[in-house]
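The values are calculated or read from the model by the stated rules, or taken from the named source; none is laboratory data. Predicted model only: the values in this text are computed from it and were never measured. Glycine also receives a Cβ, built like all others from the backbone with ideal geometry; neighbour counts cover every protein chain displayed.
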Amino acid sequence: MNDRPTTRGRHLFDRTKPVLRVLSSLLRYLPRRMRYGLLALFRGTPGMIGLGIRYVCVRSLARSCGDNVYIGPYSFLTYLEHCDIGDHVSIREFASIGCWGGLRIGNNVSLAAGVVILTTEHDYTQADTPIRDASIVDKQTIIEDDVWIGARVCVTAGVTIGQGAVVGAGSVVTQTVPPYAVTAGVPARIIRQREQPGESVTGQRGRSTS
């Protein structure tokens with residue numbers, strides 16, 4: 001017998017959306033430090049209660065945050081005031097996301113367990129300065145709509161992952177990924193292209209490869 005739930009998360013969200021929006025609005029009256037403390041307190045809380053509390057905290061802290069955003073247990077999200085999150089986004093457990101340099105996550109994005117997203121790096125060109133004391137360089141990272149990033153992927157600062165792209169588990173993304181590319185490896189390289197919306201298999205075979 002299949003006990004798997006048949007109701008998708010977005011349907012559950014729709015039922016509770018008015019309450020979640022009111023709670024996130026009320027949270028904005030609290031000092032930012034207190035809201036981060038609340039997020040940390042419920043970071044590992046399982047079930048719908050933990051999920052709801054993490055969502056309202058992130059929504060109150062982020063520069064913008066859409067509907068039906070799943071924040072998995074033990075995920076670490078910092079400097080959310082520099083982050084824009086779209087609708088129907090899944091950030092699974094143990095993700096580590098630092099937003100200081102600017103982060104934009106589009107709609108219908110899936111970030112698997114253990115994903116690391118960076119938006120800053122040390123200026124390693126300062127040869128006369130110990131690397132730990134070198135200047136921090138802000139680089140905005142962009143994840144466009146309909147992107148799937150596999151487990152334990154590291155996305156380095158300043159990278160754009162194009163719409164519809166897929167990044168294989170364990171990859172390190174150091175360069176911009178074109179739309180609808182499938183990438184994998186260290187560093188990540190393009191291994192194939194996905195069909196774009198409205199593109200049939202027949203149509204793809206008929207295209208020139210030059």
Total residues in segment 97-106, condition farther than 13 Å from Ile161 by Cα and either among the acidic types (Asp, Glu) or surrounded by fewer than 22 Cβ atoms within 10 Å (Cβ to Cβ) (or both): 4
Among the residues of segment 107-144 satisfying the criterion of being surrounded by fewer than 17 Cβ atoms within 10 Å (Cβ to Cβ) and of a type in the set (D, E, K, R), which is nearest to Gly164 (Cα to Cα)? Lys139
Quick check on segment 30-43. Is at least one of its residues under 22 Å from Asn108 (Cα atoms) and either under 17 Å from the mean Cα position of the chain (by Cα) or of a type outside the set (Lys, Arg) (or both)? no
Find all pairs meeting these conditions: Cβ atoms under 9 angstrom apart; at least six residues apart or on different chains; first residue within segment 14-33 and free of Cβ contacts under 8 Å to residues at least 60 places away in the same chain and surrounded by 11 or more Cβ atoms within 10 Å (Cβ to Cβ); second residue part of a loop (DSSP other than H, G, I, E, B) and not aromatic (Phe, Trp, Tyr). Asp14/Asp67; Asp14/Asn68; Lys17/Asp67; Lys17/Asn68; Leu20/Asp67; Arg21/Asp67
Of all residues in segment 147-183, how many are surrounded by fewer than 20 Cβ atoms within 10 Å (Cβ to Cβ) and free of Cβ contacts under 8 Å to residues at least 24 places away in the same chain? 11
Tyr124 fails exactly one of the following numbered conditions: (1) over 22 Å from Gly101 (Cβ atoms); (2) assigned to a loop (DSSP other than H, G, I, E, B). What is the number of that condition? (1)
Quick check: is even one residue across segment 56-64 over 28 Å from Glu121 (Cα atoms), part of a helix (DSSP H, G or I), modelled with pLDDT of 95 or more and touching a Leu at 6+ places or on another chain (Cβ under 9 Å)? yes
Inside segment 34-73, can you point out the residues that are buried (at least 16 other Cβ atoms within 10 Å of the Cβ), under 18 Å from Asp87 (Cα atoms) and hydroxyl-bearing (Ser, Thr, Tyr)? Tyr55, Ser60, Tyr70
Residue among Phe76, Phe94 that is at pLDDT 95 or above, within 20 Å of Val116 (Cα to Cα) and surrounded by fewer than 16 Cβ atoms within 10 Å (Cβ to Cβ): Phe76
Please work out which residue is modelled with the lowest pLDDT, limiting yourself to segment 97-143 and to residues that are polar (S, T, N, Q) and in contact with a helix residue (DSSP H, G or I) (Cβ under 9 Å, 6 or more places away or on another chain). Gln126
